[in-house]
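The values are calculated or read from the model by the stated rules, or taken from the named source; none is laboratory data. If you're wondering where the values come from, they're calculated on a predicted model, not measured in any experiment. Neighbour counts are summed over all protein chains in view; Cβ atoms, including those assigned to glycine, are modelled from backbone coordinates with ideal geometry. Side chains are part of the model used for accessible areas, which takes the heavy atoms of the whole protein and leaves out ligands, DNA and RNA. Shrake-Rupley method; radii C 1.70, N 1.55, O 1.52, S 1.80 Å.
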Amino acid sequence: MCEDVPVVIHESCLVKESQYFEARLSKHWKRDDKTFCENSDSKELSLTRSFQISGFNPQSSKILFEQLKGYTAMMEKCQSFDLLTEMLRICDFYAIFKPIPLITDKINKLPINIYNLVDAFESGEKLAVIEMYKAVSHDLFMRCAAFAGGNLVSWQACLSFVVDNSCNRNAVVNIFKLISEQQKCSIRCRFSNIGSMKGKGDRSPDCMRGGLIWSVNILKQLRAKERSHAYEEYLTGYLCFGSPSRHPSVTSSCVVKNLSFSVYNHNNGSSHVTEKLHEDEIRFSKERLEQGLWLIPWTQVVNSNDGFNKDDEILVEVNFEIVEKNVAKLDSARISEDLIR
């Protein structure tokens, strides 16, 4: 029984699945948990035992013990990080090992979204203190960091996330700390009507990666061909670095390496150009806010044979690794604390 939620299970099943209950139900254990009830038909005494399970979510206990009995429907329908994590904690406390691979597999396959991000992160924190679950906890933290880093990319998204989860202040702050500690970063941005740029540029909205503010700028430019006086149109791109000047969290410098980019047709997902550019370290600072990333002949960008048409949208992906950063006074985690207050 777990907080007045009774679960009926045969003693032999408990003994088989749990080392704890095997010892608890042995003859050498003091039988102070016996209760006798009279069978009115046979006038014989039947023996039942009642165990109180406390400190765990009662619904998790119900699902877990039903699974041990062979009733798998509740486990199959469970889509909650919190409930699955509680089951692992019960397994650890009562030395129940058989369901652990199934539960960990469900946790690994359960998708993270903006609505369960805090639950997933808190589950990682709970499992981190149990040695046998440290690998599961690490994977959860990495998945949370990847999702948060890819979706909490604007101040509007960050503010909405903070407000919606204001009752989970510590988890929210720790999630922003996790984002700020990210080293491998990816930026994806969409550009529309590329066929009508005609020398103009287009800049993506600011986004946060590794606790810093970034954006991508693309331009259609005329450049001279190599060993020729002729000119050709090119699509050029820049990785732009900086923080909003209105906030005291001003980043003075940052060093990145392994810059690479990919360009996709946004409508059908076909890849057009994938290229690794800079393995060497590149320093961004107040004096150097942009780094040129690529130079693609315009005829290749709108090449219909590669699935691109002049009126299509393109998806640009830029990947890089932060090696070093110098942030003044406040970081993103401190900003989140200020917003919560």
TODO: Scan the stretch 157-179 and give yes if some residue there is open to solvent by 30 Å² or more (accessible area, probe 1.4 Å) and assigned to a loop (DSSP other than H, G, I, E, B), otherwise no.
DONE: no
Open item on the list: Considering only the stretch 77-86, I want to know if a residue exists there that is within 30 Å of Ala171 (Cβ to Cβ), modelled with pLDDT of 90 or more, crowded, with 17+ Cβ neighbours inside 10 Å and of a type in the set (Ser, Thr, Tyr).
Closed with: yes
Task: Subset of the stretch 58-107 [out of contact with any strand residue (DSSP E or B) (no Cβ under 7 Å at 6 or more places or on another chain) and outside any helix (DSSP H, G or I)] - done: Lys69, Gly70, Tyr71, Thr72, Cys78, Gln79, Ser80, Phe97, Lys98, Pro99
Task: Top-ranked residue of the stretch 227-244 - restricted to ones that are modelled with pLDDT under 80 and either within 17 Å of Gly211 (Cβ to Cβ) or among the basic types (Lys, Arg) (or both), ranked as surrounded by the most Cβ atoms within 10 Å (Cβ to Cβ) - done: Ser243
Open item on the list: Restricting to the stretch 203-234, count the residues that are of a type in the set (Asp, Glu), assigned to a strand (DSSP E or B) and free of Cβ contacts under 8 Å to residues at least 40 places away in the same chain.
Closed with: 0
